[in-house]
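Participant: The structure is given below, and queries will be raised subsequently.
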Amino acid sequence: MKHIRIHKEGRIILLILLFVLFAFNLLFSIRYSGKNFVINTVISGAIFAFFMYFFRNPSRIIEIDDDSLVVAPADGTIVAIEPTEEHDIFGGEKRLQVSIFMSVFNVHANWYPICGKVLKTQHHLGSHKGAYFPKSSTENERTSVLILTRGGTQVLVRQIAGAIARRIVTYAKEGKECRINEHLGFIKFGSRVDMFFPLDTEVYVKIGEKTVGNETIIARLNE
């Protein structure tokens, strides 16, 4: 049986949840017993198991000898591949957008999609609409990370909060040398990750395709 690794963003939450569930079940046992207590214990166990599953942190290492290849920054489903005007960082310049929707059942760690240097990070306040919808890219709370690749291309990665997700964690700092196989951040509960590439980027995925973070090849930059 494989050892289950828990992401550091979930450890305190799991400890608090364990304490709350233990206290609740202790109080429940004072008043109820028998079948009701068993049902409550099973439900509590299921809740804790789900949170453990959500904060799982699989070990994934990919070896790539081509710096122009872009790896999926997140688990999820491709929901958008389209040219768009990006205003937050590129001031309305046209870019090719590829978006990954993450459900509550996906691993929610985010990886750097390519090696390079972090040029800029910027947090934007916003609403918390369903991350599946296109408007979430520009209207929801989000954090943008601009990366200069080793080949000199600027790639933008954006973490977007969803209807349930209320906290975006970003480890990227301006000036940081970033690499694939490293965590860019973490988004708590359902959410979305957008990527913005030059228009001549060759995309290898299609709408509706499932991605595996730090494994699925998303695109090749024209470097």
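Participant: Run the numbers on the chain and let me know its relative contact order in percent, using alpha-carbon pairs under 8 Å that are six or more apart.
Facilitator: Working: 507 pairs, mean separation 54.7, N = 223.
Contact order relative to length: 25 percent.
Participant: Name the residue from Leu146, Gly92, Asn36 whose Cα lies farthest towards the positive end of the charge dipole of the chain, charges +1 on Cβ of Lys and Arg and -1 on Cβ of Asp and Glu.
Facilitator: Asn36
Participant: Another question, then. Separation of segment 1-77 and segment 179-198 by C-alpha centroid, Å?
Facilitator: Here the answer is 20 Å between Cα centres.
Participant: Ordered by packing density, taken as the mean number of other Cβ atoms within 10 Å over each peptide's residues, highest first, how do 170-178, 9-17 rank?
Facilitator: Values: 170-178: 15.2, 9-17: 13.7.
Top to bottom by mean Cβ count within 10 Å: 170-178, 9-17.
Participant: About its Cα centre, what dipole magnitude does the chain give when the only charges are +1 on Lys and Arg Cβ and -1 on Asp and Glu Cβ, stated in debye to the nearest 20? Intermediate values should be presented prior to the final figure.
Facilitator: Details: 27 positive and 22 negative charges, 252 e Å.
The dipole magnitude comes to about 1220 debye.
Participant: Net charge around Lys94, counting only other residues with Cβ within less than 13 Å of its Cβ (Lys, Arg = +1; Asp, Glu = -1)? Write down the numbers at each step before the final one.
Facilitator: On the way: positive: Arg95; negative: Glu82, Glu85, Glu86, Glu93, Asp200.
Once positives and negatives cancel, what remains is -4.
Laboratory data are not the source of any read-out in this text; all were calculated from the coordinates shown. Keep in mind it's a predicted model, so treat the numbers as computed, not measured. Cβ atoms come from the backbone with ideal geometry, glycine included; neighbour counts cover every protein chain shown.
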